[in-house]
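What follows is a single structure, written as structure tokens, with notes after it.
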Amino acid sequence: MAAADGDSGALWAEKIEKAEKEKRRELVLQGQLTDKKTQQTGSLDPKIYSLTLLNYLEISQCPSLREIDKGIGNLIHLQSLLLCRNKLAEIPRAVGNLKNLKVLDVSVNELQALPEEISQLCDLNTLNVSCNQIKTLPPGLNKCVKLAIINISKNEISAFPADFFSDDLDLLSTIVANENAIADIGGEISRLSALKNLDLSNNKLTEIPSELADCCKLKEINFRGNKLKDKRLEKMVNGCQTKSVLDYLRAGGRGKGKGKGKQDAGEKDDSREKEKKKRPDKRQKNKKDQEGEEEEEDLNRMMVRVLHVSDSPTAVTVKVTALVKEVRPYIVCCIVRGMNLKSGNALKRFLTAQIKLHDEICEKRTKATIATHDLQLVKGPLLYDARSPKTLKIVPLGRKEIKAADLVRQLQLEAEEQRKQKKRQNVSGLHKYLQLLDEKENYPCVVDAEDHVISFPPITNSEKTKMRKSTSELFVEVTSSTSLQVCKDVMDSLIVKMAELNKFTFDHKEEASLDLETDPANDETATEPAASENAGKDACPELTVQQVRIVDTDGSLKVVYPSKTDLNMDIGNLTVVR
């Protein structure tokens with residue numbers, strides 16, 4: 001064990017020495033080797049604080065890292081500081097010296113507070129403090145006038161600072177504040193003129209201020225999981241229909257419609273006899289209003305129908321080998337029919353929603369990974385296996401066939417180049433998830449009946465089963481190294497999101513897009529007349545979810561999704577028929 005610690009210390013020192021000697025602008029320390037070096041002291045090697053030329057510093061996935069020294073303030077050229085997935089209890093006040101800092105990510109630590117000196121970071125663009133134990137945000141964040149994205153999700157915050165909703169934050173476009181204890185946001189939120197995305201799901205809100213509708217750029221809101229006093233509004237937010245919610249708030253909500261004053265004046269002027277004649281009409285009007293509301297609720301209702309394995313002649317089974325137990329042991333799958341991806345931007349909205357789920361509920365793919373395929377291109381039965389990166393081959397999305405080891409190496413080189421070109425900002429795309437394969441002798445994969453790899457979690461799917469606008473049946477998989485329940489929770493969320501998106505497409509009656517991708521099988525586009533006719537016939541918001549069985553190599557059942565205990569979320573306008 002001592003030898004191992006010595007090796008890790010040597011590698012650590014070598015990396016820091018190399019960065020100093022070559023006057024590097026970037027340093028990344030993460031994973032087991034870095035963690036071993038911090039186990040004795042719980043802090044970083046002080047030599048790091050002498051690398052004053054750095055403008056990108058990432059130290060992540062080190063459970064032994066409990067503190068950052070005030071020496072961090074010496075790194076005055078830093079533009080990006082990523083200290084995520086450690087065990088930090090506090091951030092030193094010296095962080096206020098980093099006047100050039102644009103990105104600060106201290107997510108997934110054990111922080112209970114943030115220093116007020118963060119307000120001195122006038123160039124700060126992105127602040128991520130999610131997944132901590134923070135109870136209050138520091139005052140003065142409105143001084144970070146270039147702030148565009150703030151993520152405070154999964155903390156214990158009960159309120160925004162009094163000065164947060166300020167005209168000064170005229171670039172703030174995204175607030176992610178789900179899973180806190182926020183009880184009120186107030187009408188001052190309308191002062192955030194650039195706000196586009198707002199997530200306050202699973203808080204303690206009882207009201208949504210009507211002034212929210214004055215945020216003219218607002219495109220996406222999420223208030224699910226709050227117990228609102230206005231139950232009709234609660235049903236609407238659970239449906240995540242942003243436009244409908246904003247229109248409702250703009251109109252003032254239930255009981256504040258047009259014509260009330262005229263009705264009162266009329267009642268004062270009319271005689272008692274005329275009043276009696278009007279009462280039946282009033283009752284009839286109330287009845288019509290009630291029927292109209294019920295009809296509106298029916299229109300907003302989403303339907304998901306579960307098709308059991310025994311009810312389907314085309315049942316799909318996935319066999320799991322023993323090798324994945326040491327790599328990524330958990331998987332659930334299902335088949336989804338009824339998604340309309342032909343119309344307008346439906347496919348783009350779906351892929352965007354999948355990315356958002358990966359970033360949020362999947363915690364940037366560290367808890368779970370989603371993969372979606374065109375069922376027509378999937379040849380069962382399927383095998384969930386783990387294979388050597390030197391022999392595992394895949395045709396990644398948008399690339400040619402390559403061995404997994406070469407793909408990872410290629411992506412690592414791309415990540416380095418991307419950081420250089422983008423001034424050491426955080427990397428994007430597939431590159432963000434490479435560290436999840438560190439120290440793995442074998443890589444997980446889903447293989448079809450012809451031994452073609454259709455999925456390489458958590459990195460990429462295969463180009464061979466890629467979804468297109470013409471896709472009408474989806475094969476969906478969720479894998480995890482955490483637990484089977486995590487897989488099911490993620491799949492539940494994905495199915496609900498698919499139902500919401502399909503309902504949105506149906507409600508807006510978007511026309512089939514004319515730029516559908518070419519079908520590689522016959523080199524004919526899906527815009528031919530037959531496809532356009534089918535697009536109209538398929539326009540239905542109801543989804544069918546067909547069960548998929550996961551079995552071991554002996555054929556014994558491990559799990560089936562969705563079971564009776566799955567898809568049991570308390571969402572007012574969602575009906576699941578089993």
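Some observations on this one:
- Residues MET569, MET236, MET491 ordered from highest to lowest accessible area at a 1.4 Å probe: MET569, MET236, MET491.
- Taking all protein chains together and a 1.4 Å probe, the residues LYS37, LYS21 rank LYS21, LYS37 from largest to smallest accessible area.
- The portion of the accessible surface of the range 130-229 made up by carbon and sulfur, rounded to a whole percent, is 47 (1.4 Å probe; DNA, RNA and ligands excluded).
- Computed FRET value (nearest 0.05) for ILE76 with VAL145, which takes r as the C-beta separation and R₀ as 30 Å: 0.90
- Additional length obtainable on full extension of the chain from LEU171 to THR206, 0.36 nm per residue less Cα span: 9.8 nm
- Spin-label model, THR136/CYS122: points 7 Å from Cα along the beta carbon direction are separated by 2.7 nm.
- Rounded to 0.05, the FRET efficiency of the ARG232 and ARG468 pair, given R0 = 35 Å and the Cβ-Cβ distance, is 0.35.
- Farthest towards the positive end of the charge dipole of the range 105-252, among the residues THR126, ASN151, SER210, is the Cα of SER210, using unit charges on the Cβ of Lys, Arg, Asp and Glu.
- Extension gain from LEU557 to THR391, taking 0.36 nm per residue of separation minus the Cα-Cα distance: 56.9 nm
- Residue separation of LYS21 and ILE355 scaled by 0.36 nm, minus their Cα-Cα distance, works out to 116.3 nm of gained length.
- HIS508 versus ALA251: modelled label distance in nm, points set 7 Å from Cα along the beta carbon direction: 2.0
- Pairs of Cα atoms in the range 326-463 fall into 5 Å distance bins, from 0 up to the last occupied one, in shares of 2, 9, 17, 21, 21, 17, 8, 4, 1, 0 percent.
- Carbon/sulfur fraction of accessible area - the range 320-388, other protein chains in place, 1.4 Å, %: 57
- The distance between label points at ALA181 and ILE402 comes to 4.8 nm (points 7 Å beyond Cα on the Cα→Cβ vector).
- Relative to the Cα centre, the charge distribution of the range 123-173, modelled as +1 at Lys and Arg Cβ and -1 at Asp and Glu Cβ, gives a dipole magnitude of about 240 debye.
- Per-pair calculated FRET efficiency, R0 = 41 Å: SER193 and GLN485 via Cβ, rounded to 0.05: 0.50
The values are calculated or read from the model by the stated rules, or taken from the named source; none is laboratory data. Predicted model, so just to flag it, every value in this text is computed and none were measured. Please note: Cβ atoms are built from the backbone with ideal geometry, for glycine as well, and neighbour counts cover all protein chains shown. All accessible areas refer to the heavy atoms of the entire protein, side chains included, with ligands and DNA or RNA removed. Shrake-Rupley method; radii C 1.70, N 1.55, O 1.52, S 1.80 Å.
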